[in-house]
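This report concerns only the one structure given below.
Just so it is clear, none of the values below were taken in a lab; they were calculated from the coordinates. Just so it is clear, the structure is predicted and the values come from calculations on it, not from any experiment. Note: ideal-geometry Cβ built from the backbone for every residue, glycine included; neighbour counts use all protein chains shown.
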Amino acid sequence: MSVKDTKTQEQSQEVALLGDGAVFVKRTESGLVKAVKAQIKLDEKKGHLAEIQGKVMITGAGYNEMNKVAGVSVITPEKITLPDGSMVVNPYPIIDPVSGSISKVWVKKMAIGLSPIGNLVITTSTLLYDIQMYFVQDLVKKIKFNAAAGRLCMESMLTDQDKQKGIFYRIEGDLGVWADFSHKEILTCIETFVQNKLFAERKAQTIAERNAMKKHPALATTLVVPTGPEKARTAVVNVVGFSHDFSQQELLDIAQKAVDGEPITVNNKKVEVIDIPSSELTEEDLATSIDEEENQEGSNGGDLL
């Protein structure tokens, strides 16, 4: 290897310090940054991590922190096609006619960015945020561990006293869950139910964004092995980011082609589209959907494109 080649190689890659971790920087011959590989520190206190059934996972806020290096663009298409074939505005809230509050939200998100090997990849996530079904799940859990909080039964089995002191939600047909309003754990369920309604559209978007990002090759890490005490754990993840010169409009045009199902080619390379099947709310989704702003609002009483 010549002295010139050695010098060029040294100029094209270097190690720097950024925050708490080392950053590997790859440069072009002209000195411009081409790629960055960094160790990102995720902090449970900042809402980057959440524990679900004994496993510590990365939250929506955590993926946003990682994305500061990955540079994946999250896009909200203007329209979304529902399972019945109808096309509606995105996100699409469904309002409960009695209370006037949001009961469900349909939302679609797309994550567009370069993979760790530099190929353009698009991931899409379509979600039905059904607040009521999670409320029912929450009630069943409370009753499972405390029989005094309520019971599973047929609606026809309810007495007049049951109807006066509790609430009944159908699960299937006449089968449902009855919960005692006076029980502390049921009141906690209702408080969570109200909170989820208040943040319904934001939560739905956060969940869909997280689902799109966690499937993107640039951010494809879900579980982590944290260190530190509970509620104050941290974890370090490796993230690779590539610089690109796509304009906002070009990314939107690429996203629209993906929505329309058109084949996409950029720089003579086929763009990979990973379509995550439509899904309903899971326990993981809700536990990892709280963002820093909501944490602050809770303690006191968005899109890149």
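Data overview
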read-out: Within-13-Å neighbourhood charge of Thr81 [Cβ basis; K, R +1; D, E -1]; value: -2
read-out: Size-normalised alpha-carbon gyration radius of region 151-197, reference 2.2 N^0.38 Å; value: 1.19
read-out: Burial ranking of peptide ranges 204-213, 101-110, 246-255 (average Cβ count within 10 Å, highest at the top); value: 204-213, 101-110, 246-255
read-out: Pairs beyond 27 Å (Cα-Cα), from Lys55/Lys203; Lys142/Lys214; Lys45/Lys104; Lys41/Lys231; Lys37/Lys79; value: Lys142/Lys214; Lys45/Lys104; Lys37/Lys79
read-out: Over region 46-131, volume per residue of the alpha carbon convex hull, in Å³; value: 159
read-out: Sum of side-chain charges, Ile264 neighbourhood, beta-carbon under 14 Å (Lys, Arg +1; Asp, Glu -1); value: -3
read-out: Computed over region 187-274, the ratio Rg/Rh where both radii use C-alpha atoms and Rh is Kirkwood; value: 1.10
read-out: GluC sites (Glu not before Pro) restricted to region 48-106 and DSSP loop, no more than 13 other C-beta within 10 Å; value: Glu78
